[in-house]
Amino acid sequence: MKLTNEQIISSIKSKYPEIYGGAYIENEKLNINLIGEVTNSELKSFIDNQDIIVHSVKYSLEQLNEAFNNISKSVSASIELNEKENKIIIYVDKESQDEIEKAVKNIASDDIVEFKENDNKGSIQF
């Protein structure tokens, strides 16, 4: 039975939260991130019966959310949880990058975080 993308995500997220690393649509296909290789036969069968692409990633969505929450409490910067890249992206200004990197280093591992220069595009000003 073909399920909707929402049903697929909900099913995997609820049954396998420890390995579910997020999901996104690319080229009209559902992409699911899972930690490591899929060895669970029930999950493998479920995936094989759906029209989805599976990617092996390092972090679960739970781990990403925890890191995101800890970082957002500790630094004043624009932060994005990027499921496709399986990491937290922190947008920084050149002047504040060193200070923010030091603060984040005590909270999260280096490879879960990526720093990008804040270009201030898309910001709303009143």
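Throughout, read-outs are computed from the coordinates displayed, never taken from laboratory work. This is a predicted model, so every value here is computed, not measured. When we count neighbours, we look across all protein chains shown, and the Cβ atoms used for this are built from the backbone with ideal geometry, even at glycine.
Remarks
- Charge dipole (the chain, unit charges on Cβ, about Cα centre) - positive-most of I12, I112, I90: I12
- Amide H contacts of F115 (H built 1.01 Å from N, in plane; Pro and chain starts excluded): I90 sit under 5 Å, all sequence-distant by 5 or more or on other chains.
- Counting only Cβ charges, +1 for Lys and Arg and -1 for Asp and Glu, the dipole size of the chain around its Cα centre is about 280 debye.
- Each residue of the stretch 4-14 was assigned a 3J(HN,Hα) from its phi angle through the Karplus curve 6.51 cos²θ - 1.76 cosθ + 1.60 (θ = phi - 60°); the sequence is 6, 4, 4, 5, 4, 4, 4, 5, 5, 4, 7 Hz, with glycine and proline shown as x.
- Whole-number percent relative contact order across the chain, with pairs defined as alpha carbons under 8 Å at least 6 apart: 20 percent
- For the chain, the Cα-based Rg and Dmax, in that order, read 17.0, 54 Å.
- Restraint check, K15/K84; K13/K84; K13/K105; K13/K116; K73/K116; K58/K94, Cα-Cα greater than 23 Å: K13/K105; K13/K116; K58/K94
- Backbone HN-Hα couplings from phi across the stretch 45-61 [Karplus 6.51/-1.76/1.60, Hz, Gly and Pro as x]: 4, 4, 5, 5, 8, 10, 8, 9, 10, 10, 10, 8, 10, 8, 10, 7, 4
- Basic side chains Lys and Arg get +1 at the Cβ, acidic Asp and Glu get -1 at the Cβ, and with that the dipole of the stretch 5-57 about its Cα centre reaches some 120 debye.
- The relative contact order of the stretch 5-57, computed from alpha carbon pairs under 8 Å that lie at least 6 residues apart in sequence, is 33 percent.
- Using the rule -39500 (n - 2.57) for each DSSP H run of four or more residues, divided by the residues of the chain, the 222 nm mean residue ellipticity is -10000 deg cm²/dmol.
- Relative to the globular-protein estimate of 2.2 N^0.38 Å, the Cα radius of gyration of the stretch 50-124 stands at 1.19.
- Calculated P(r) tail over 17 Å for the stretch 21-68, as whole % of Cα pairs: 38 percent
- Estimated vicinal HN-Hα couplings, Hz - the stretch 98-107 in sequence order (Karplus 6.51, -1.76, 1.60; Gly, Pro = x): 4, 4, 5, 4, 4, 5, 6, 4, 7, 9
- GluC sites (Glu not before Pro) restricted to the stretch 65-96 and DSSP loop, no more than 13 other C-beta within 10 Å: E95
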